[in-house]
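Scroll down for the structure; my scribbles are underneath it.
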Amino acid sequence: MSVNVPLGPLLDPAFHLGSVPTTWAELLGFATGAVNVWLVVRQNLLNWPIGIANVVLLGLVFLDGGLYADAGLQVVYVVLQAYGWWIWLYGGEGRDRLPVRRTRPAEWAALAVAGAAATALLTWALSAWTDSTVPFWDALTTALSLAATYGQSRKLAESWWLWIAADLVYIPLYWYKELKLTSVLYLVFLTLCVLGLAAWRRDLRGPGRGPAAATA
């Protein structure tokens, strides 16, 4: 089954990388995505509204590119972004900023079980009901990204490792699907994730010395 939805001028070419067109949605997704991850590294509250704009733009890109699980994932991301925004505002005691913490063993176990189940279910669904050419990789990155976003919303330091794992798959996957600029964006994401891991680990060692989150 193929998906053919009129998605408007955001999917018109902004420029070409060689013979491959880069749409306005992909270009704007690149810009908002880079700013979003940089703000997460800084623990800045503005990452959440910018992140919502980013996932809407990338949802259009992925739907157009036949990455159906990734496109559907963006809808879930909007909900998780709103959840993370609320938690970062009100998750700390007395509206103090939510502290960075380590992932508990029970949380790791729950994330592992949920991730494996989501990967298996999505791989089957994409193979059976869509014309996806990369059902397993689309499903795997979707499951990793959901787990990482949940961890990010709770400020679990190890959530950066999940993002790093997802990005290492996303980079060649998007290149293969002719989403060249998005592939480069995820290379930038990978670099920012390494910086984010280092920054949040420093915050674990010295609470209060990390960058303060923005307030509403």
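The values are calculated or read from the model by the stated rules, or taken from the named source; none is laboratory data. What you are looking at is a predicted structure, and each value in this text was computed from that prediction instead of being measured. Ideal geometry is used to build each Cβ from the backbone, glycine not excepted, and the neighbour counts take in all protein chains shown.
Okay, here's what the table says:
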{"item": "Helices (runs of 4 or more DSSP H) completely within the stretch 103-216 that count 1 or more residues being over 25 Å from GLY29 (Cα atoms)", "result": "105-129, 180-205"}
{"item": "Which listed residue is under 15 Å from the mean Cα position of the chain (by Cα), at pLDDT 85 or above and under 25 Å from TRP88 (Cα atoms), from TYR186, TYR170", "result": "TYR186"}
{"item": "Verdict on ASP70 being within 11 Å of the chain's Cα centre (by Cα), closer than 23 Å to LEU173 by Cβ and not small (Gly, Ala, Ser)", "result": "yes"}
{"item": "Flag for ASP131 being buried (at least 22 other Cβ atoms within 10 Å of the Cβ), over 29 Å from ARG97 (Cα atoms), among the charged types (D, E, K, R) and touching a residue at least 12 places away in the same chain (Cβ under 8 Å)", "result": "no"}
{"item": "Given (1) at pLDDT 65 or above; (2) surrounded by fewer than 17 Cβ atoms within 10 Å (Cβ to Cβ), number of the condition PRO6 does not satisfy", "result": "(1)"}
{"item": "Failed criterion for LEU98 (all others in (1) part of a helix (DSSP H, G or I); (2) out of contact with any strand residue (DSSP E or B) (no Cβ under 8 Å at 6 or more places or on another chain); (3) over 17 Å from PHE62 (Cβ atoms) hold)", "result": "(1)"}
{"item": "Test: residue in the stretch 14-34 that is at pLDDT 85 or above, among the β-branched types (Val, Ile, Thr), in a helix (DSSP H, G or I) and within 14 Å of GLY196 (Cβ to Cβ)", "result": "no"}
{"item": "Selection within the stretch 48-63 - in contact with a helix residue (DSSP H, G or I) (Cβ under 7 Å, 6 or more places away or on another chain), under 14 Å from GLY29 (Cα atoms) and either outside any helix (DSSP H, G or I) or not β-branched (Val, Ile, Thr) (or both)", "result": "GLY51, ALA53, ASN54, LEU57, LEU58, GLY59, LEU60, PHE62, LEU63"}
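Listed here are the residues, each with its yes/no results for (1) crowded, with 20+ Cβ neighbours inside 10 Å; (2) within 22 Å of LEU197 (Cα to Cα); (3) β-branched (Val, Ile, Thr).
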position	(1), (2), (3)
ALA82	no, no, no
GLY91	no, yes, no
GLY115	no, yes, no
THR142	yes, yes, yes
ALA147	yes, yes, no
SER153	yes, yes, no
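The rows are residues; the columns are (1) crowded, with 21+ Cβ neighbours inside 10 Å; (2) more than 21 Å from LEU195 (Cα to Cα).
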position: GLU107; (1), (2): no, yes
position: LEU111; (1), (2): yes, yes
position: LEU121; (1), (2): no, yes
position: TYR150; (1), (2): no, no
position: SER159; (1), (2): yes, no
